[in-house]
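Only one structure is covered here, and it is reproduced in the block below.
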Amino acid sequence: MERTVPKSATDEIDLYLRTIYSLLRSTTEVQVRTLEEVHAGMNSSLHPDARKVSLDLSALIYSSLRLPSCIMRTRSIVLGQSVQLFSRHGYPEVENWLPVTARARRRSSYFDGNSTLAVFIASRSDIEDIVPTLTAFQIEWNKMHQFLQGWNPPSWEETSLEGSPSFVELSHVLGTPLEDLQRLVSVWGSDFSSNLETIASRRCSFGIRLLSGSLSEYWRATRLWWQNIERSAPLFSERPVYLISSNTHSIPNLLSGYALTRKEQILTFLQQQGNQELLAEWHEIQERGNCASTENFLYYALKKYQQTAQGAAENAQMAREEQRHGITRVPPAHSFDIEAQVVEINRLDPQHFDPRLLSDGENTVFLQKSNALIVNIDYPLGLGAYNVLTKIAEHISEILGVYIMGKAATLNGVRGDIMIPGVVQDEHSQNTYLFQNVFTSPDVAPWLVFGTVLDNQKALTVLGTFLQNASLMDVMYREGYTDIEMEAGPYLSAMYEMTRPKRHPVNEIVNLQGVNFDIGILHYASDTPLSKGKNLGAGTLSYRGMDSTYAASVAILRRIFQQEKKRLLG
């Protein structure tokens with residue numbers, strides 16, 4: 001069959017990827033500056049002004065959110081799949097380096113305290129995410145460096161004070177509106193002035209090294225990840241499983257009831273902290289009398305509380321409560337950063353459930369009779385989803401359902417909407433997947449307060465967030481694709497291999513309807529590409545940002561309980 005996307009729409013992206021992989025075949029470090037021209041030529045929707053002399057502050061903000069703060073001191077970035085691989089290539093005991101994180105990208109990374117950043121990768125998608133992000137950051141750093149030459153503020157510290165003469169002058173020096181500069185302040189925080197001083201003092205010149213690009217290394221890293229889970233929760237061999245790919249907070253919060261039992265403690269904390277914004281939101285919720293918002297708010301505020309010294313002890317107490325209710329957390333070890341949670345359904349206590357999970361008066365005796373597990377994994381990036389699901393399927397006796405909840409960009413909605421696709425065009429395999437999504441709008445809409453549920457959508461699984469341009473989006477929008485994300489295609493490729501005696505095909509229409517387990521995919525809109533630079537990670541995320549996450553999570557758990565009740569009671 002013909003490709004859905006004409007080749008002319010992806011030529012620049014294909015050239016960029018070929019250049020990246022040809023350079024990374026080198027056994028020594030390569031310079032990111034060699035990629036700058038082909039990066040700019042891609043005309044990425046996230047970096048449309050790469051070639052311009054003027055700053056593309058949206059691209060700088062986007063890349064800053066996806067890199068650890070130590071990137072300002074980093075000169076060399078080393079990519080590898082496992083501790084053993086790093087050690088073999090002269091980087092022993094990288095896990096003893098300083099662990100570092102990015103605000104909007106979850107990836108195991110370690111900084112040596114000097115100039116080297118070690119990054120663990122789970123699939124080719126990590127490379128296709130990291131390299132464009134570093135390139136965009138370097139391009140905009142060096143533009144800013146040029147603008148700051150010859151400018152000597154009275155003090156660099158004053159430049160971070162919004163409304164100060166130095167801040168206003170900085171806006172003129174950079175040719176940037178004050179509103180955009182304030183967004184950069186919110187992202188860099190207390191490091192704003194020191195980052196500016198560093199950028200003014202030198203040009204950025206990253207070097208990057210890939211220790212091994214072999215498929216076997218990704219498989220080996222995935223095996224290490226799975227072995228850690230089997231050791232921590234050895235329950236899988238004979239028990240059926242409902243698999244969820246989501247996040248680390250929503251499923252345990254809904255099942256354990258921990259946050260709901262600490263309502264007064266959480267509100268006291270907010271009052272002591274004088275957090276007027278959250279308190280105002282709380283009073284607004286009470287006036288509206290919306291229960292769903294109440295619960296979502298408490299989940300959000302608990303997380304804020306646990307991030308303080310006062311609330312740190314809550315982490316251990318919450319873990320004990322979850323264990324008591326059959327929820328075992330398995331943190332990642334020695335490979336990529338994907339936490340897993342194993343839930344024994346027959347140990348759950350319905351008395352502690354979020355009230356949205358059960359209908360009034362519903363008989364829950366079937367839960368005690370269940371031998372099934374719910375396995376929730378922190379969603380992987382791109383092709384990592386294929387590696388993870390194929391490994392799980394290899395070791396589990398029976399999978400009853402695969403439920404995927406993830407972020408997506410929307411071309412026809414707004415942030416906070418939920419999209420339910422029944423068709424997925426996968427740019428990895430070039431396949432168009434047709435499947436029966438077990439969710440429809442009525443399954444989700446009752447639990448969504450602020451957004452809209454759009455079912456019967458068509459999703460496009462792209463290679464990476466930077467690896468899309470206006471030409472690609474225009475073609476896909478004309479074809480009716482409005483949901484742009486990174487994991488559905490790889491997951492569906494793995495599901496094909498779970499139900500067929502061969503590897504997934506390439507460049508075909510693949511019909512997965514009629515498989516013997518549930519397939520449920522829910523995407524919540526975190527980005528609107530037609531509104532440049534606007535995404536859920538760009539500013540402070542209020543409890544409203546959790547509305548779509550919890551609505552989708554409620555729908556998934558309700559579906560699992562309905563299916564388990566049907567399986568056990570007929």
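The values are calculated or read from the model by the stated rules, or taken from the named source; none is laboratory data. Owing to the predicted nature of the structure, the values given are computational and were not obtained by experimental measurement. For neighbour counting, all protein chains shown are included, and Cβ atoms are generated from backbone atoms with ideal geometry for every residue, glycine included.
Scanning region 199-227 for residues that are surrounded by fewer than 16 Cβ atoms within 10 Å (Cβ to Cβ) and outside any helix (DSSP H, G or I), we see that the one that is farthest from the chain's Cα centre (by Cα) is Arg202. Out of the residues in region 276-293 meeting the condition of being buried (at least 17 other Cβ atoms within 10 Å of the Cβ) and at pLDDT 75 or above, tell me which one is nearest to Val449 (Cα to Cα). Checked region 276-293; the qualifying residue nearest to Val449 (Cα to Cα) is Ser293. Taken over region 20-50, the criterion of being of a type in the set (S, T, N, Q), over 26 Å from the mean Cα position of the chain (by Cα) and either on the phi > 0 side of the Ramachandran plot or modelled with pLDDT of 95 or more (or both) is satisfied by Ser22, Gln31, Thr34. The numbered conditions (1) over 17 Å from Ile13 (Cβ atoms); (2) free of Cβ contacts under 8 Å to residues at least 40 places away in the same chain; (3) not polar (S, T, N, Q) are all true for Ala488 except (2). Checking each residue in region 157-168 for being over 17 Å from Asn195 (Cβ atoms) and either acidic (Asp, Glu) or in contact with a strand residue (DSSP E or B) (Cβ under 7 Å, 6 or more places away or on another chain) (or both) picks out no residue at all. Given the condition within 30 Å of Asn247 (Cβ to Cβ), modelled with pLDDT of 95 or more and either in contact with an Asp or Glu (Cβ under 9 Å, 6 or more places away or on another chain) or not basic (Lys, Arg) (or both), answer yes or no: does some residue in region 140-163 qualify? Within region 140-163 (the criterion being within 30 Å of Asn247 (Cβ to Cβ), modelled with pLDDT of 95 or more and either in contact with an Asp or Glu (Cβ under 9 Å, 6 or more places away or on another chain) or not basic (Lys, Arg) (or both)), the answer is yes, since at least one residue qualifies. Could you check, for region 46-69, whether at least one of its residues is of a type in the set (Ser, Thr, Tyr), in a loop (DSSP other than H, G, I, E, B) and crowded, with 21+ Cβ neighbours inside 10 Å? Checked region 46-69: no residue is of a type in the set (Ser, Thr, Tyr), in a loop (DSSP other than H, G, I, E, B) and crowded, with 21+ Cβ neighbours inside 10 Å.
Filter region 394-437 down to the residues that are of a type in the set (Gly, Ala, Ser) and within 24 Å of Pro240 (Cα to Cα), then identify the one that is farthest from the chain's Cα centre (by Cα). Going through the qualifying residues, I end up with Ser397. Which residues, counting only those in region 295-347, are among the β-branched types (Val, Ile, Thr) and either within 23 Å of the chain's Cα centre (by Cα) or at pLDDT below 85 (or both)? Result: Thr308, Ile327, Thr328, Val330, Ile338, Val342, Val343. Among the candidates Ser194, Ser160, Ser164, Ser232, the residue that is under 30 Å from Ala393 (Cβ atoms) and surrounded by 14 or more Cβ atoms within 10 Å (Cβ to Cβ) is uniquely Ser232. Per this entry, Leu383 is not counted among residues that are surrounded by fewer than 20 Cβ atoms within 10 Å (Cβ to Cβ) and not assigned by TED's automatic domain parsing to the domain that holds Ser44. Being under 25 Å from Lys391 (Cβ atoms), surrounded by 21 or more Cβ atoms within 10 Å (Cβ to Cβ) and more than 20 Å from the chain's Cα centre (by Cα) is the requirement here; does Phe120 meet it? The answer is no for Phe120. For region 313-323, the set of residues classified as out of contact with any helix residue (DSSP H, G or I) (no Cβ under 7 Å at 6 or more places or on another chain) and of a type outside the set (Lys, Arg) consists of Ala313, Ala316, Gln317, Met318, Ala319, Gln323, listed by residue number. Given the structure, is Leu389 buried (at least 23 other Cβ atoms within 10 Å of the Cβ) and closer than 18 Å to Ala488 by Cα? When the stated conditions are applied, Leu389 passes them.
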